[in-house]
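Each value in this text was obtained by applying a stated rule to the coordinates, not by laboratory testing. On a predicted model such as this, the values are computed, not experimentally measured, just so you know. All Cβ positions, even for glycine, are placed from backbone atoms using ideal geometry, and neighbour counts span all protein chains on display.
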Amino acid sequence: MMVERVGAVFMPHGLGHLLGIDTHDPGGYPKGIERPKEPGLKFLRTARQLLEGMVITVEPGCYFIDALLVPAMKSANTSKFFNREIVDKFKNFGGVRIESDVLVTANGSKNMTKVPRETWEIEAVMAGGPWPLNKASG
């Protein structure tokens, strides 16, 4: 699956990008490093040394896009990796992405995104509950 880049069928945008003056700040690549060309990697803008003070997104996602799924499910190299029944079940769903904006610090990172993450939190907020929620209410 890795060799055939099956993950890129469900996550074509890559894992994240720099944030800066532009929302999708490309930031450029260091001299001698070329942008990857493979699906799922070509839009990955954070394939570089991360430095203190940088702000990046970390945005894993899963999408069901016919333009990517149909050829992959017909290909002799990749069709064996798909459970068609499950894919068909979610095709009309579209997809989901969970994004975090992260500050790179001298000792690691700080997640600056403050949104519901747990199922119970999301359901409570979508039902009209306040944010942040009282953990005892979960």
May I ask you to evaluate 6.51 cos²θ - 1.76 cosθ + 1.60, the Karplus curve with θ = phi - 60°, for each residue of the stretch 57-72 and list the ³J(HN,Hα) values in order in whole Hz, giving x for glycine and proline?
-> 9, 10, 9, x, x, 9, 10, 10, 10, 3, 4, 9, 5, 4, x, 5
Whole-number percent relative contact order across the stretch 46-138, with pairs defined as alpha carbons under 8 Å at least 6 apart = 32
Most packed first (mean Cβ within 10 Å per residue), the peptides 50-62, 103-115 order as 50-62, 103-115
Scalar couplings 3J(HN,Hα) for the stretch 123-131 by Karplus 6.51 cos²θ - 1.76 cosθ + 1.60 (θ = phi - 60°), nearest whole Hz, x for Gly and Pro, are 4, 5, 5, 5, 7, x, x, x, 10
Please sort by residue number the GluC sites (Glu not before Pro) in the stretch 64-134 whose DSSP state is loop and whose Cβ has at most 11 other Cβ atoms within 10 Å.
-> 118
